[in-house]
Amino acid sequence: MKKSLLTRLTIYFIALALLPLLLFGLISASQTYNTQAAQALTGQSEVAKRVAEQVNSFMQLRENEMYLLADAGNLSSLSLDQQESLLNGLFANQSVYEELTLTNSRGRETIYLSRTKIIETKDLVSRAGSDEFEQPKNSGKTYYSSVSFDEATGEPYIIVSIPLFNLQNGNLSNVLIARVHFKSVWNIMALADATGNGIVYMTDADDFVVAHANPSVVLQKKRAVLPPQNSFATGLDGNTAAIAVETLTLSEQTFYIVAEQPATQALSLAISTIALTLGAMLVAIVIAGVLGTYAARQITTPIGKLAQAASLISEGDFSQTADVQSQDEIGRLAVAFNKMTQQLRDLIANLEARVAVRTQALSSVAEVSTAASSILETDKLLQQVVDLAKERFNFYHSHIYLLNEAGDALALAAGAGEPGRQMVAKGHAIPLNREQSLVARAARERRGVTVNDVTQAPDFLPNPLLPETRSELAVPMIVGDKVLGVFDVQSEVVGRFTEADINVQTALASQVAVAVQNARQYDQTQSALAQSEKLFQASRRLTQSESLQGLVASAVEALGITDIDRVVLGGLDYGAAGELESMTIIANWSKNPDLQATAVGTHYPQAVLSSISLFTSSKPLFFNDMWNDERVDETTKALAKRVNYRMIAALPLFLGSRQNALLLFEGAQPHAFTSDEIRLFNALAPQLATVLENRRQFERAQKEAAREAALNLINQKIQSATTVEAVLQIAARELGHALGAPMTVAQLSVKDKN
Amino acid sequence: MSAKRILILLFALSLILSGCGGAPNKEMHTIGIIVEIPWLSPVVDNFKTTMTELGYVEGKNITYLYDPNVGPDQAAFDKEAARLMEANVDLFFTVGTMTTKAAKKATEGTDIPVVFTPVINPVAEGVVESIAQPGGNVTGVQIVDHSAKALEWALKIAPDTKYVYIPYNPDDTITMLIMQGVLEAIPSLGVELLPSEVKSVDEMLAVVSALPEDTLIFVVSPISSLETGVEQLGQEALKYGVPIFTCNREINTPPFPISNYTVTFPGEAQQGAQMVDRILKGAKPADTPVETAEYYLDVDLKQAQAFGLQIPDEILNQANIIVR
């Protein structure tokens, strides 16, 4: 989770307050700890030594008592009663001695005294072989046993024995054996001047606690774990303690005096220092926290207000201001922030207004575009566009120029209002290369251009129909990479058009261009459909023609070109070698009886054909005006003038690869052949060739059949004659009739009459 | 945050820090005390004294529930123990074997500690499992009976003694426990035990006037059913010149013996109080070994003189208390 600035600053303040204190505290605590630990161990060591000396003194005292009793009383030389009486004196210190035994030199008990038991003579036994007898006997020194525990009480005791020697001969006379109660040593432990809550106890060589201020510890036969050297280690109660161990040697026995002080007490100063440091740190944390929070709030509160205001502003509430009254950097920041907010507020308000305008504009664009796209008639479409644009955009005027087919001029196609209609009616056009024309420049440069104060334009020509024009914007109407025209709008306000307007009107112009393109394509499609229909009808008429004359008439009717006045169909004749020999007019058509077409049967020899190029062209030729066409040779031109025709279309008809006829359409007036007309000509040519051939074949077959029928009739008539003269008369009459001869003479010659 | 609020916060902090030191233990403990024999009541006084020395101030952090008139039989002690249980005592301090058994019975199934002093042979009495590890909730100070040794001391003071009169009621359980050791020791002591089995104080006292010469009276304690006649027994002994000795009692108190070999009230009370202190501080009775009371030899020179006896120096040397 990211911490807030307030939290971070507070933490920094606390850290700043804490770190020096922490460092100081750590160093101080460390030094205090080391010092006190050393002092504690030293103190415990001193205690252990002191107690060891006390225990040692105690045991020495017992030893001395025994020696004193033996030596001073000359114990060995006394009778048993005297010895017993003397030994009873030791019981005066009854809390120390529990039993006293005197053996002879052989170890046999001679006296056995007990403070708790009744001893009879029969209870005396030999101690020979026991350590308490043999060791002092052999060493001549005091013997100390290990610590034992009484069965009835569980309390520890120790056997101390000393050798007694005959003063005369120096031989061992007796051994005095004492069972010493260790409870007295417990008292030493209890009274030991242990440091604070420290304890002192004594362990034997097996680490069993044999003396302790708390009897339970001893009676439990508790075992201590002593550290190899004075140190802080686990104490007898399981807690860490400063432990010092002092070795106490009594004869052959080794004991340990242990002084312990709980670590919590031994290191109390260090702990106090640490606690104080921690306490100081706690106080520092609180103070630093409070001060830090206060200081941080001084910083973060105004920032928070700023952040809150910024947040609300980011959510769209631009009425917010940061309420920061301080005169510091943050106050200045707040002032700047509020200024920025105000500017932002103004900017957004301005933007909103602009967006509204832009939205309105785009809405208008959409409306105009929609209207434009719904109209398929170009003129109507353009008029609708300019009218709507003027109205929706509140222009003074708007009009549309379309690039002509030649692509060299922009013709006014539609204009808003009456001025626009008048200008269209006048056929107003602007050459594309006119330098000073804003409209032409937009088309040339393919971008919107504007003049925001036409009165200042050096080459501005006032339009009397639009006298209020002060600013003008012309944007090209482009589809793909093709400029279709220019959309020109005018305003009576100076500086009316901005870059945004250019963009909006460019968008509108583009969409209008698309609509125009669509309308044109629609027109073309409709035209193609009409042409297809026309071709179909022409084909049907051609195939239904009953004669070559009818064929030619059907062709004229199918083309539907009213400027055609005459038509001739020339059949081409070829020589045996396949060379063109001549052309004979085999059918004709004329619209006007006054202007007859070349008569059927007119024969053009090869020489004439070769002089008139259009007769020999293998491709269709279309001349809008023969008289003024550079492609036409002079002979042909002269012929055209002589026969008075200017428009001509020469359509060679091929059957297979051979041209078999030529169809010439002639008109006295010039005629601009359209592409549709040319396509129709080209489409009809093969059909005409085929129909022509079929017709010619048919006519040829009809002629053959008629001749055969005539011959048969003549033959039948001749055979029906019964005389020679009749035969001759019939033959002459029928043949002459068949041949069209005005007079037929039949002569019969008799070679041998006689 | 205002400056005033900051100051309040700092002040509160200082109070918190100043309160970080340890607070005195103000826990109140309730100790139920049952004493088997009225003359053992000084043990209670000594116990309270030691407890006070250990920091337990009556009415402040400790309360003692003690009725000195309880007894004398087991049923009475059981009833008293039950009463104390109902009083929600934290610990029983019992003096005597029957009282300890009563407390043990009452606390059965609980962990309420019972600290006794003294009990003779507590293991044999079934009070604890062992000396070193008592187990359960009972521990205390035992007496290792030295009554026979006490008789030996008496015979050393009165060496001409041929007979001993040791009045006892065989119905007194504890007395019989002590008597067992004494009876076993008598043959080795060179004296003859006169008929000592009595059923009443009168019967006990009636014998005194008829005791033969060279007889001493030895009183073993406690002698529960005969207790009321102990003082008169001392008077009868003095009247008829029969030296009287005791064990396990107090010197200079009825029957005013010439010597007494005993544990001391202050000694056993101190031991008991220290054990109670350790247990109240957390030690478990089960792990608190039974401690043994110290025996002390007391002699009364005036009483000895009254009976025409001279206490040898050998005895005086060993005596812990000499009443002159």
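Derivation of every value follows stated rules applied to the coordinates shown; laboratory data play no part. Computed from a predicted model, the values in this text were never measured in an experiment. Glycine gets a Cβ as well: all are built from the backbone with ideal geometry, and neighbour counts include every protein chain shown.
Things worth noting here:
- Footprinting exposure proxy for B:Val299, B:Val219 (fewest neighbouring C-beta atoms within 10 Å first): B:Val299, B:Val219
- Cα gyration tensor shape for the stretch A:59-184, rounded if a/c is under 1.5, else prolate or oblate: rounded
- Three-way shape label, the stretch A:670-754, alpha-carbon gyration tensor, a/c 1.5: prolate
- Ordered by the count of other Cβ atoms within 10 Å of each Cβ, fewest first, A:Arg679, A:Arg127 give A:Arg679, A:Arg127.
- Counted by neighbouring Cβ atoms within 10 Å, the residues A:Ser398, A:Ser76, A:Ser749 run from fewest to most as A:Ser749, A:Ser76, A:Ser398.
- In this Cβ point-charge picture (+1 for Lys and Arg, -1 for Asp and Glu), the stretch A:83-167 has a dipole of about 360 debye about its Cα centre.
- Charge context of A:Ser130, other residues only, Cβ under 15 angstrom, K/R +1, D/E -1: -1
- Cα-based reach from A:Lys390 at 13 Å (exclusive), listing aspartates and glutamates while leaving out same-chain residues under 8 positions away: A:Glu367, A:Glu418, A:Glu472, A:Asp488, A:Glu492
- Of the beta bridges in the protein assembly as shown, as assigned by DSSP with both residues counted there, near 75 percent are antiparallel.
- Cα-based Rg / Dmax (Å) for the protein assembly as shown: 77.2, 249
- Between 0 and 90°, nearest 10: helix A:548-559 axis offset from chain A longest Cα axis: 40 degrees
- The charge dipole of the protein assembly as shown, taken about its Cα centre with unit charges on the Cβ atoms of Lys, Arg (+1), Asp and Glu (-1) only, comes to about 7660 debye.
- Amide H contacts under 5 Å for B:Ile321: B:Leu297, B:Asp298, B:Val299, restricted to partners 5 or more places along the chain or on a different chain, H placed in the peptide plane at 1.01 Å from N.
- Which listed pairs, of A:Lys49/B:Lys48; B:Lys162/B:Lys302; A:Lys117/B:Lys48; A:Lys426/A:Lys637, have C-alpha distances above 29 Å, in listed order: A:Lys49/B:Lys48; A:Lys117/B:Lys48; A:Lys426/A:Lys637
- Net dipole in debye of the stretch A:376-525 [+1 Lys, Arg Cβ; -1 Asp, Glu Cβ; about Cα centre; nearest 20]: 140 debye
- The stretch A:376-525: C-alpha gyration tensor shape, a/c 1.5 cut-off, then a/b vs b/c: rounded
- C-alpha long axis of helix A:675-720 to longest principal axis of chain A, angle in °: 40 degrees
- Chain B - mean residue ellipticity at 222 nm from DSSP helices (-39,500 (n - 2.57) per run, n ≥ 4, rounded to 500): -12000 deg cm²/dmol
- DSSP beta bridge pairing in chain B, given as percent antiparallel to the nearest 5: 10 percent
- Two-decimal Rg/Rh across the stretch A:545-701, once Rg and the Kirkwood Rh are taken from alpha-carbon atoms: 0.93
- Under 25 Å from the Cα of A:Lys137 - lysines, other chains or at least 8 residues apart: A:Lys122
- Segment A:Gln526-A:Gln436, length gained on full extension (0.36 nm per residue, minus Cα span): 28.5 nm
- Lys/Arg +1, Asp/Glu -1 at C-beta; chain B dipole; positive extreme among B:Thr264, B:Ala319, B:Ile279: B:Ile279
- Cα long-axis angle, helix A:5-72 against chain A (0 to 90 degrees, to the nearest 10): 20 degrees
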